[in-house]
1. Would you work out the Kirkwood radius for the stretch 458-571? I mean one over the mean of 1/r across all pairs of different Cα atoms, in Å.
2. Sequence gap at least 6, Cα distance under 8 Å: using those rules, report the relative contact order of the stretch 175-266 to the nearest whole percent.
3. Run through the stretch 397-466 and list the GluC sites (Glu not before Pro) located in a DSSP loop whose Cβ has at most 16 other Cβ atoms within 10 Å.
4. So for the pair LYS552, SER189, with labels modelled 7 Å out along Cα→Cβ, what separation do we get in nm?
5. Under 12 Å from the Cβ of GLY220, count the other residues' Cβ atoms, weight Lys and Arg +1, Asp and Glu -1, and hand me the total.
6. Return the ratio Rg/(2.2 N^0.38 Å) for the chain, where Rg is computed over Cα atoms only.
7. Can you find, among ILE231, GLY257, VAL218, the residue sitting farthest towards the positive end of the charge dipole of the stretch 175-266, where Lys and Arg contribute +1 and Asp and Glu -1 at Cβ?
8. Have a look at GLY414, HIS490, LEU125 and report the one farthest towards the positive end of the charge dipole of the chain, computed about the Cα centre with Cβ charges (Lys/Arg +1, Asp/Glu -1).
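Every read-out reported here was derived from the displayed coordinates using simple, explicitly stated rules and does not represent laboratory data. In this text the structure is predicted, and so the values were computed from the model without any measurement. Methodologically, a virtual Cβ is constructed for each residue, glycine included, from the backbone with ideal geometry; neighbour enumeration extends over all protein chains shown.
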Amino acid sequence: MSQSTATAFSLLTPTKISPFKTLLKPRHSILSVRSDPKSNPHSNHHHHPLSVSVSGAAVVSPVVLDSSSSSSSALEIDHVSSSEMKENGFRSTRRTKLVCTIGPSTCDFDTIEALAEGGMNVARLNMCHNTREWHKEVLEHVRRLNEEKGFAVAVMMDTQGSEIHLGDFGAASSLKAEDGDIWTFSVRSFDESQPERTISASYDGFAEDVEVGDELVVDGGMVRFEVVEKIGPDVKCLCTDPGLLLPRANLALWRKGRLVQQRNSMLPTITSKDWLDIDFAIAEGVDFIALSFVRSADTINHLRSYIAARSPNRDVAVIAKIESVDSLKNLEEIIKASDGAMVARGDMGSQIPLEQVPFAQHRIVQLCRQLNKPVIVASQLLESMIEYPIPTRAEVADVSEAVRQQADALMLSGESAMGLYPDKALAVLRSVSVRMEKWCREDKLSEELELTNISTSLSAVIKEEICRSAAKIASSLQVDALFVYTSDGHMASLLSRWRPDCPIFAFTPTASVRKQLNLQWGLIPFRLNFSEDMDSNLSRTLSLLKIRGMIKSGDRIVAVSDMLQSIQVRVVP
Ligand SMILES: Nc1ncnc2c1ncn2[C@@H]1O[C@H](COP(=O)(O)OP(=O)(O)OP(=O)(O)O)[C@@H](O)[C@H]1O
Ligand SMILES: CC(=O)C(=O)O
Ligand SMILES: [K+]
Ligand SMILES: [Mg+2]
């Protein structure tokens, strides 16, 4: 297979032309050159050049790879993953997964499709904002995209939780707070008639709980106020750090240099609104629920039993958002109880000193590797790209570091939800990931972790050992890909845990498992119905991939499965 190391877009290319100019549709033109060397790339405007030139057939999406006509025995993969592999070669295909928050900038079908084309693996819905009807429409778009185009974009619903935040501002999309201004924070709610320099706070006990002299930190420090006077439901505050106030921005309270926690901890982690959102998420078949402001494993366990009772046939994975002081204290028990974790650096940065956030990130990422749970690094990765078409150098360095730590996924928030350049922000994550991953492989830059077995039962330990050995064999033989045939996805995640040098093709018969695997490092999930007979599975898959031009004679693969306690090393015939 192609070992080409050329990437279509590089932030580091010393060129005067802005790399972003070429970011929008890089792979299509490059692919059309490769798949048909005689054609002029500039004259090729097919939307899916691969489907056309390789199969010689009309564009069919989803990409179903089979010589027979029965779809039950077909192999499904989206054309972007297969293009990305062909474009860069298997070894250079992107391992780090990308999550995009969907908001007003990205909520229509075409834009969501463009994000999927740009590499979005998971779409995030933040229930802090907008109505359930609004979110339902986005969910329908993603569903349609997956059904019609063969994508496996997963959906993550993120709960509002009981954080304290500002209210809506009526007609204004933002408000400017100037140094020395006096603003009123009130527990009253305002409809259209919001008085000037007055904002509502989301939490009823607010006026009782604050004290004169307290510091109100908005949005992790974007704007700061000092409480100067309490008058009934109103709290007068002096602006000490000026800035832009956004609707529903998060609010933290500090007293004598310390975060005031009692009040937050009296509120439930899952509010009544959250439970309704959770019912909605289960009914809509989302793949992940991300729980905001988790404090202990109990809440995670509670939610998991609720989901199990409500949705006996389909698992919805629970992601613990680590963003509070308590969640850092109880980190290990929380991660053990969850299906994955998010380093939610936004709120975390207003709850602990900022200089401690990088250490917390490092610790969470490593612990998740050890416990075999996917981990997402989130918030402000490319914050400046909300307004500008290129990132700051510091942002690029921050993204690179998360990739070097081998986090499973990176997340865009405001950049994709309400920014001016969602596609460009996604393209930056993609190109920085591919570049850093390549360095890590070539120069062994990633940290070697001493991973120990996590299971207790013998059969589970055997699976762990098989995956450890398979990953080791794959790396020492420099094979082209690992194959795993898995019904529930567990064996695939055990392979991913070892962060092998080659990509991992995960074959699973279940569409929902395929989507959940899309959050995990290095996994390329295919939907495939397979049998108990590994030999026939392997030869069928190899010939399907061969027809597709994704592998060729002489390529080497290592294969494992749920069914057989064995590791197979194959050379493609
Ligand atoms: N569904 C939506 N509708 C309207 N605006 C949205 C939506 N989702 C996000 N936004 C906008 O994008 C900004 C960033 O969104 P994001 O989800 O990252 O918020 P956050 O504060 O980082 O997350 P959290 O609230 O979970 O801490 C929000 O402040 C909001 O202005
Ligand atoms: C993502 C999120 O909730 C945060 O960073 O606070
Ligand atoms: K949220
Ligand atoms: Mg948060």
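1. Answer for the stretch 458-571: a Kirkwood hydrodynamic radius of 13.8 Å.
2. Once normalised by length, the contact order is 32 percent.
3. GLU447, GLU448, GLU450
4. 6.4
5. Value of the local net charge: -4.
6. Compactness ratio reported: 1.00.
7. Projecting each Cα onto the dipole axis, the largest value belongs to GLY257.
8. With unit charges placed on the Cβ atoms, the residue in question is HIS490.
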